[in-house]
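Reviewing the structure listed below.
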Amino acid sequence: MGRGDGGAGGEAREIREILERAAEGGRISPEEALLIYTRAPLHALGGAADTVRRRRYPDGIATYIIDRNINYTNVCVTACRFCAFFRAPKHEEGWVRDVDDLVTKCGEAVELGATQIMLQGGHHPEFGIEWYEQTFSAIKAAYPQLTLHSLGASEVMHISRTSGITVEQAIVRLRDAGLDSFAGAGAEILTERPRRAIAPLKEPGHVWLSVMETAHRLGVESTVTFMMGTGETNAERIEHLRMIREVQDRTGGFRSFIPWTYQPENNHLGGRTQATTLEYLRLVAVARLFFDNIAHLQGSWLTTGKEVGQLTLHMGADDLGSVMLEENVVSAAGARHRTNRSELISLIRTAGRIPAQRDTLYRHLVVHRDPTLDPVDDRVASHFSSTALPLVSTT
């Protein structure tokens, strides 16, 4: 017999009731989320999620951003099993970029219309709070218009340990040096068993969330992510969502939820991406229904492909992320999808939505209502930047 009275018929009625309640804005439980994730018909699930999206954003606009992911070092002591980017301290392929190089990269991004910089890197054993303060201050002095949406809870923990200061002190000093908001980097999966399996040296999921909660309390908002497909169960996927929603209930500081899929090349974890396209799309839809307290939902074209990214716009997503002028970390593990501004605009428009360029706060900068006025600049495109620039030091 299935769930509820009447076996399969009872389960079907229960699923319909959950989808209807969620579509109308009602809260669903983790148990209900697991049921619809695993058992709801795909079209009904996507339809309910799209209903929530349309109610939240009746203007029919879907957004994108122009930014650059800049890596300041690949030296890292955390050694996550899924990461193909890091090198251990003293490794001959380890490198560090100096502040002048980072500022130059920011200038290149500004020239191409970027409004946001995601500064990220390994957990270098010698990088304490002073290094980040110097770097952020230099970037802000040169380009005050750039939003520094950078680092994440894992970097805060590393800085705190390296500098012998509290998490709160680290966040305040980063904020005062120019950090505008935290990226959702390092969340991976917050559920204990799979997180320990893929990142045993990284802080536990509840600690990651506690850092973000502290940041939100100090006025530094963030995004939150989910890397799915490393061998976690369906229940563990939903548990990841539950942990996030509980913090969001208290802080309201997560601006968006960004799920993406594990890339299996060139790392110690290996294997394959254990999340099918349908599993990914279903997770996007469930997230839109479950996160009644998170405003935005971003689909990933980088790890799933542009066509799947476009499909997320029919499963509750209201944002297609970044043109991504530079990205090295995920691409090192096998992500090979590339796009440009014109293509992202086209993907959004052919999905029946109105494209708009946004900033980090999701404010619309340019709404592309008239296709004849679409911007054309072949340089505004994603690419995998060479790391073969002159390096100031190796460690």
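Principal-axis analysis of the Cα atoms of the chain puts helix 129-142 at an angle of about 90° to the longest axis.
Quick one: among 140, 202, 90, which has the greatest mean-square fluctuation in a GNM of the chain with alpha-carbon springs under 10 angstrom? It is 90. With K and R counted +1 and D and E -1, the other residues having a Cβ less than 13 Å from that of residue 316 yield a net charge of +3. Take every Cα pair under 8 Å whose residues are at least 6 apart in sequence, average their separation, divide by the length of region 53-373, and the relative contact order is 22 percent. Annotation for residue 21 and residue 274: the two label points, set 7 Å from Cα along the Cα-Cβ direction, are 3.1 nm apart. The HN-Hα couplings worked out from phi for region 288-302 by the Karplus form 6.51 cos²θ - 1.76 cosθ + 1.60 (θ = phi - 60°) are 5, 6, 7, 8, 6, 10, 10, 6, 10, 9, 10, x, 9, 8, 5 Hz, whole numbers, x standing for Gly and Pro.
The lysines whose alpha-carbon is closer than 25 Å to the alpha-carbon of residue 105, local same-chain residues fewer than 8 away aside, are 140. Note on residue 110/residue 249: beta-carbon distance plugged into 1/(1 + (r/R0)^6) with R0 of 45 Å gives a FRET efficiency of 0.75.
Dividing the summed helix terms, -39500 (n - 2.57) for each DSSP H run of n ≥ 4, by the number of residues in the chain produces a 222 nm estimate of -12500 deg cm²/dmol to the nearest 500. Only beta bridges with both residues in the chain are counted; by DSSP, about 20 percent of them are antiparallel. Candidate cross-link partners of residue 202 among the aspartates and glutamates, defined by an alpha-carbon separation under 14 Å and a same-chain spacing of 8 or more, comprise 155, 188, 192. Summing charges over all other residues whose Cβ lies under 14 Å from the Cβ of residue 243, with Lys and Arg as +1 and Asp and Glu as -1, gives -3.
Within the chain, 76, 106 have no other Cys Cβ under 4.7 Å of their Cβ and so lack a disulfide-compatible partner by this rule.
The stretch between residue 295 and residue 166, if pulled fully straight at 0.36 nm per residue, gains 43.4 nm over its current Cα-Cα span. Cα convex hull, the chain: 126 Å³ per residue, rounded to a whole number. In terms of overall dimensions, region 27-117 has a Cα radius of gyration and Dmax of 21.7, 54 angstrom. Relative to the longest principal axis of the Cα atoms of the chain, the long axis of helix 30-39 makes an angle of roughly 70 degrees. Counting Lys and Arg as +1 and Asp and Glu as -1 over every other residue whose Cβ lies under 14 Å from the Cβ of residue 53, the net charge comes to -1. Packing here is the average count of other Cβ atoms within 10 Å per residue, and on that basis the peptides 36-43, 144-151, highest first, run 144-151, 36-43. Taking 0.36 nm per residue of sequence separation and removing the Cα-Cα distance, the residue 38/residue 307 pair yields an extension gain of 94.6 nm. Axis of helix 99-111 versus longest Cα principal axis of the chain: the two differ by about 50°, to the nearest ten degrees.
The GluC sites (Glu not before Pro) of region 115-215 that meet both conditions, a loop assignment by DSSP and at most 14 other Cβ atoms within 10 Å of the site Cβ, are 126.
Structural descriptor for region 1-148: relative contact order 20 percent, calculated from alpha carbon pairs under 8 angstrom and at least 6 residues apart. Taking label positions 7 Å along the Cα-Cβ direction at both residue 201 and residue 343, the computed distance is 3.5 nm, reported to one decimal.
Read the figures in this text as sums done on the coordinates, not as results from a lab. These numbers were taken from a predicted model, which means no experiment stands behind them. With ideal geometry, Cβ positions are generated from the backbone for all residues, glycine too; neighbour counts draw on all protein chains shown.
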